Structure formats: structure tokens, C-alpha cells
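The values are calculated or read from the model by the stated rules, or taken from the named source; none is laboratory data. From a predicted model like this one, the values you see are computed outputs, not experimental measurements. Cβ placement follows ideal geometry from the backbone for every residue including glycine, while neighbour counts extend to all protein chains displayed. The protein model used for the area step is the full one, side chains on, heavy atoms only, and it has no ligands, DNA or RNA in it. Shrake-Rupley method; radii C 1.70, N 1.55, O 1.52, S 1.80 Å.
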Amino acid sequence: MATPVYAAAQSAIPALALSAILSKMYDFAPGLFIAKRTMIIAIINIGAAVLVVLLNFLFIPLWGISGAAWATCVSSAATMGAYVAAGQFLYRIPYDTKPILLSAALAIAIVIVTGHLYYPLGVELAVKSCLLIVSAIMFVRFGLISMDEVRRGVSKFKFWIFRIWGLRISC
């Protein structure tokens with residue numbers, strides 16, 4: 001479906017997806033913003049920029065485009081860690097860290113596993129669907145999602161699936 005040059009970029013997708021998520025998670029660490037410590041925010045962001053440049057110099061010669069993606073991912077994770085650490089110091093928010101860290105580890109493992117295994121399309125969809133179900137079960141077990149939220153989500157999913165399916169039938 002794509003040229004070989006374009007298809008080669010597929011290896012960067014898992015790290016870039018994780019980077020995108022991590023780079024927007026500062027909303028969950030609002031301490032610096034609540035405390036109005038913009039100088040610290042600027043220092044963290046400048047540090048992140050320097051870190052990603054240094055990591056690019058290290059990783060790109062070794063791993064090419066995947067190295068650049070993982071450099072971005074590591075920098076995003078470090079930035080998020082800095083926001084949380086500095087924010088907690090200035091404005092304490094009581095997080096239940098165990099389920100958050102377990103869920104993050106599970107998500108990272110899934111990204112790494114699915115990003116480096118290549119199957120025929122049908123098998124790949126089945127494996128990723130199973131991993132999605134397992135991760136949802138683990139999020140419930142870790143206490144991040146309640147069963148009531150799962151039921152509501154499944155109900156909304158069914159509604160939209162039947163609505164879309166119904167629209168296709170009537171066409």
C-alpha cells in the first residue's frame with residue numbers, strides 16, 4: 001500500500017504515539033501552573049529541547065528514524081517526570097501512584113510489543129484486539145476504571161456501532 005521508503009517509517013510510530021501522549025499529560029500535573037511558576041516551566045521545556053537534541057545525536061546514528069522517535073519519547077517522559085516532581089513539590093496533589101505506574105508500564109509494554117511484531121493483517125488485528133481487551137481488564141483491576149464506567153462505555157460503543165451499521169443498511 002505504501003512505497004518501501006514510506007513503509008520504513010512504520011518503526012517510528014509506536015515511540016511517536018507514546019511521545020504524543022506523554023507530551024500532553026502535563027494536564028495531570030498542574031502544580032507548576034497553579035503555583036504560577038512560569039520560570040520553572042520554561043526551564044523544564046528548554047531542558048527538554050536540549051535533551052532531545054542530545055539524544056538525537058546519540059540515537060540517530062545507531063537506529064535511524066526509530067532513534068529519533070525514541071529520543072523524542074525519552075525527552076517527553078523526562079519532561080512529564082519533571083512536571084510531576086516540581087509540581088508535587090510546589091502544590092501537592094495526592095496521587096495513588098501504584099495503579100498509575102502499573103498502567104503506564106502496561107501501556108509502554110504494549111506499545112513496544114505491538115510496534116516490533118509484524119503479522120499478516122488479520123493476525124495483527126486479532127493480537128491488537130486481544131491486547132486492548134487485556135489492557136482494559138488490567139485498568140479495571142488496577143482501579144483506574146470502574147466496572148460502571150466500562151458498562152457505560154460498552155453501551156455507548158454498541159449504540160454507535162448499531163447506528164453506523166444501521167446507516168449502512170439503509171443506503
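A few points about this structure:
- Per-residue ellipticity at 222 nm computed for the chain from its helices equals -27000 deg cm²/dmol, with DSSP H segments shorter than 4 residues left out and the rest contributing -39,500 (n - 2.57).
- Asp27 contributes an accessible area of around 100 Å² to the protein surface, as traced by a 1.4 Å probe with all chains present.
- Binning the alpha carbon pair distances of the chain at 10 angstrom intervals from zero yields the distribution 9, 25, 31, 24, 10, 2, expressed in whole percent.
- Of all accessible heavy-atom area on the chain, the percent that carbon and sulfur account for (1.4 Å): 75
- At least 24 Å along the helix axis (C-alpha) and Kyte average at least -0.5, DSSP helices within the chain: 38-63, 65-90, 97-116, 121-141, 147-170
- A Förster radius of 30 Å combined with the Cβ-Cβ distance from Ala85 to Phe157 puts the calculated FRET efficiency at roughly 0.25.
- Of all the options Gly81, Gly31, Gly153, the one that moves most in a Gaussian network model of the chain with Cα springs shorter than 10 angstrom is Gly153.
- Accessible surface for the chain, divided over its residues, is 71 Å² per residue with a 1.4 Å probe.
- Protein-only accessible surface order, largest first, of Phe89, Phe28 at 1.4 Å: Phe89, Phe28
- Per-residue SASA entry for Met39, accessible area with 1.4 Å probe, Å² rounded to 10: 130
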